[in-house]
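Single-structure report; data block below.
The values are calculated or read from the model by the stated rules, or taken from the named source; none is laboratory data. This one's a predicted model, so the numbers in the text were calculated from it and none came from an experiment. Heads up, the Cβs are rebuilt from the backbone with ideal geometry, glycines too, and the neighbour counts pull from every protein chain shown. Just the protein is used for accessible areas: all its heavy atoms, side chains included, with ligands, DNA and RNA removed. Shrake-Rupley method; radii C 1.70, N 1.55, O 1.52, S 1.80 Å.
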Amino acid sequence: ISFNAIDSALSSLKNSQSYINSGMDIATKIAFDLVESFNDEEDVNSMEKVMLEYAAMDRDLNNYLKAFEEMVNQVKREKPENIPDLENLMKEKLMALEGKNSDSDLQRNEKYMYFMDQLKEMKKQC
């Protein structure tokens, strides 16, 4: 089995991580601007929700990437004569990872934690 196309697709998918990171950076800057300009608390809370949504996208993408890599590595390692049903194998691996998800995962996202720490500090100063 040739995995060149799959490896290329996986690499492209990993690049999408930068879009999530950029979105989180922009949401952070907007929230800080809102605090500095003494805007409505509701607007700041909306940015916190946006950050949680980005954290969820980040977690989902990481789960997908990990499941994909595990599936490819398993097939490479086992070198089966008949190509297994890759779609089902992928679904099994992804479901196993998603089964471990919890809402607290999102709040442990590095960028989200930074966002919340900085937001608290800014609110104290303002």
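Can you work out the FRET efficiency for the pair Ser46 and Asn73, with r the C-beta to C-beta distance and R0 = 41 Å, to the nearest 0.05? It would help to have the intermediate numbers written out before the result.
Numbers: r = 41 Å, r/R0 = 0.99.
Efficiency computed from Cβ-Cβ geometry: 0.50.
What order do you get for 82-92, 17-27 when each peptide is scored by the mean count of other beta carbon atoms within 10 Å, highest first?
Highest-to-lowest ranking by the protection proxy: 17-27, 82-92.
Sorted by mean Cβ packing within 10 Å, highest first, what order do the peptides 97-104, 31-38 take?
Ranking the peptides 97-104, 31-38 by packing returns 31-38, 97-104.
Taking a probe of 1.4 Å, how large is the accessible area per residue of the chain, in Å²?
Computed with neighbouring chains in place, this is 67 Å² per residue.
Note down the magnitude of the dipole of the chain about its Cα centre, charges +1 on Lys and Arg C-beta and -1 on Asp and Glu C-beta and zero elsewhere, to the nearest 20 debye.
Dipole about the Cα centre, nearest 20: 480 debye.
Which lysines have a Cα lying under 26 Å from the Cα of Lys91, excluding residues fewer than 8 positions away in the same chain?
Within the straight-line cut-off, Lys91 pairs with Lys14, Lys66, Lys76, Lys79, Lys100.
Roughly how many nanometres apart are two label points built 7 Å out from the Cα toward the Cβ at Phe32 and Ser11?
Those two pseudo-labels are separated by 3.4 nm.
Run the helix sum for the chain: -39,500 (n - 2.57) per DSSP H stretch of 4+ residues, divided by residue count, reported at 222 nm to the nearest 500 deg cm²/dmol.
-28000 deg cm²/dmol
Highest first, please rank the peptides 48-55, 6-13 by the mean number of other Cβ atoms sitting within 10 Å of their residues.
48-55, 6-13
Once you treat every alpha carbon in the chain as an equal point and sum by Debye, what is log10 I(q)/I(0) at q = 0.22 Å⁻¹?
-1.21
Over segment 1-69, consider all pairs of different Cα atoms and compute the Kirkwood hydrodynamic radius from their mean reciprocal separation; express it in Å, one decimal.
13.8
Carbon and sulfur: what percent of segment 3-125's accessible surface (1.4 Å probe)? Show your work: numbers first, answer last.
Working: 4010 of 8140 Å².
Ligands and nucleic acids excluded, carbon and sulfur reach 49 percent.
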